[in-house]
Amino acid sequence: MKFVLFLALLVAAFPAAAQSPPPDPVLTPVVADTLYPPQAVQGSDGKVHLVYELGLANASPAVAEFSKIEVLDARTQTPLLTLEREEIAKRLSIGGRRGAESADLGAGQIAVMFLHVALDAERPPTPLLVHRLTLRLLLANPIDVVETVAETDVERAPPVVLGAPLIGKGYVAADGCCDTVRHVRALLPLNGRFTLAQRFAIDWEQVDDENRLFKGDRHVPESYVIYGREVLAVADGTVIASRNDLPEQIPGALPVNLPIGEADGNFIVLDIGGVYVLYAHLQPGSVLVAAGAQVKRGDIIGKVGNTGNSQAPHLHLHVMDGPSPLLSNGIPYVFESFTITAIDHAGTADLDAAEATGKPMELTPLVPPQHFQNVLPLDLSIVEFSR
Ligand SMILES: [Zn+2]
């Protein structure tokens, strides 16, 4: 990242001799830019996914009523994603706040648009994106505006490749990529800017042979299938930080008044070569590594628990560009090898119902199970990891 910045500065300091003329000024009443440049990742559906956010501000004295927001390939002007008003109203969050979605941006308001572009893997990668906003300014005499804003590079680096974080079958990739909200939209205003460390996080849960997440008393961690499973280092690396002393929460509800510093519960942050992996909510006393320890891929480093901001035992895992679990930017990753045995097409509501009642999840088996290499298992895939 620093090297890229250095290169950018170098280019800025020594502009090419034959400069192209500066662009003509064009009035854009709504200004927009990406919060972080998108990085492509191949998903288990065979598509390439871009998940990122656009920050917008309405600099006009009138309400901006959006009718269309398009993501275009900047070179060819081909639309890669077209969102009409109804879809915009689900993805444009006023002030970046979840639950404050609208297709209208008031005078002087800011918003964050959560974008997901899925591309056919066969098409050539898109190096540069631009965004076309179609809107009406509700002045006394309304004005229709079409503006092209927020040109952004697509990061060219391939996603980091990880080994298995858990071993066994029935693991549920919960709240995963790319259109769920609990991680993908976990935008936080921290230290003076928006951060989104959990953009590609997965909450790993586990079902038994009857597709249940737990059996018996839902308020006891031991009732859950995944509780106490061994957690593995996903790559060779160095432990940056860990915690081992926080008590289990009672499953069934999120804890109240938990300090933000305890949200991850007992955790491990691993530096795996300039990118960082967070393991959260580990069992008290199970964490086997402390800051400075070297680990090898496949080493057992802790056990799945229910500590911190957790309402059912699970392993929260994400990859980020810095060592802080909250202040970093979340980046995509792939697993080197895994098998998908089923998918829950009934969505997060079904997961939540299974977690609340103990009913079996509504899983559609993949017959035969499908083996994958170097892709990201998408939301609600049922995954088997082996050594
Ligand atoms: Zn999580």
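Evaluated against (1) crowded, with 24+ Cβ neighbours inside 10 Å; (2) closer than 15 Å to His316 by Cα; (3) more than 16 Å from the ligand (Cβ to nearest atom), Ala164 falls short on exactly one condition, (1). The set of residues in region 178-195 that are buried (at least 23 other Cβ atoms within 10 Å of the Cβ) and within 13 Å of the ligand (Cβ to nearest atom) contains only Val184. Tally time: how many residues in region 59-68 are in a strand (DSSP E or B) and surrounded by fewer than 22 Cβ atoms within 10 Å (Cβ to Cβ)? Counting residues in region 59-68 that are in a strand (DSSP E or B) and surrounded by fewer than 22 Cβ atoms within 10 Å (Cβ to Cβ) gives 3. Scanning region 233-255 finds no residues that are within 16 Å of the ligand (Cβ to nearest atom), in contact (Cβ under 8 Å) with a residue 40 or more places away in the chain and not in a loop (DSSP other than H, G, I, E, B). With the requirement that a residue be surrounded by fewer than 17 Cβ atoms within 10 Å (Cβ to Cβ) and assigned to a loop (DSSP other than H, G, I, E, B), what does region 69-82 give you? Passing the criteria: Arg75, Thr76, Gln77, Thr78. I'd like the full set of residues that are part of a strand (DSSP E or B) and free of Cβ contacts under 8 Å to residues at least 60 places away in the same chain, limited to region 83-126. Across region 83-126, the qualifying residues are Leu83, Glu84, Leu92, Ile94, Glu101, Asp104, Ile110, Ala111.
Table: residues versus (1) crowded, with 16+ Cβ neighbours inside 10 Å; (2) farther than 22 Å from Val181 by Cβ; (3) out of contact with any strand residue (DSSP E or B) (no Cβ under 9 Å at 6 or more places or on another chain).
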| residue | (1), (2), (3) |
| --- | --- |
| Leu317 | yes, no, no |
| Pro325 | yes, no, no |
| Ser328 | yes, no, no |
| Val334 | yes, yes, no |
| Thr339 | yes, yes, no |
| Ala356 | no, no, yes |
| Lys359 | no, yes, yes |
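Within region 256-279, the residues that satisfy the criterion of being more than 25 Å from Pro158 (Cα to Cα) and outside any loop (DSSP other than H, G, I, E, B) are Ile260, Gly261, Glu262, Asn266, Phe267.
Of all the criteria given as (1) in contact with a helix residue (DSSP H, G or I) (Cβ under 7 Å, 6 or more places away or on another chain); (2) surrounded by 15 or more Cβ atoms within 10 Å (Cβ to Cβ), the one not satisfied by Lys215 is (2).
Taking the criterion of being hydroxyl-bearing (Ser, Thr, Tyr) and loosely packed, with under 13 Cβ neighbours inside 10 Å, the only residue of region 361-381 that qualifies is Thr364. In region 140-149, is there at least one residue being away from the ligand (no atom under 16 Å from the Cβ), in contact (Cβ under 8 Å) with a residue 40 or more places away in the chain and outside the structural domain of Pro38 (by TED's automatic domain parsing)? No, region 140-149 has no match at all. Pairs, please: C-beta under 7 Å, at least 6 apart or cross-chain, first residue more than 15 Å from Ala346 (Cα to Cα) and in region 161-186, second more than 12 Å from the ligand (Cβ to nearest atom) and of a type in the set (Gly, Ala, Ser)? Qualifying pairs under 7 Å: Leu162/Ala235; Gly163/Ala235; Gly163/Gly298; Ile167/Ser386; Cys177/Gly43.
Could you check region 287-387 for strands (runs of 3 or more DSSP E) lying wholly inside it with 3 or more residues that are within 16 Å of the ligand (Cβ to nearest atom) and in contact (Cβ under 8 Å) with a residue 60 or more places away in the chain?
Counting at least 3 such residues, we get 315-320.
The set of residues from region 273-286 being away from the ligand (no atom under 16 Å from the Cβ) and among the β-branched types (Val, Ile, Thr) comprises just one member, Val275.
The values are calculated or read from the model by the stated rules, or taken from the named source; none is laboratory data. Nothing here was measured: the structure is a model prediction, and the numbers come from that model. So basically every Cβ, Gly included, is an ideal-geometry build from the backbone, and we count neighbours across all protein chains shown.
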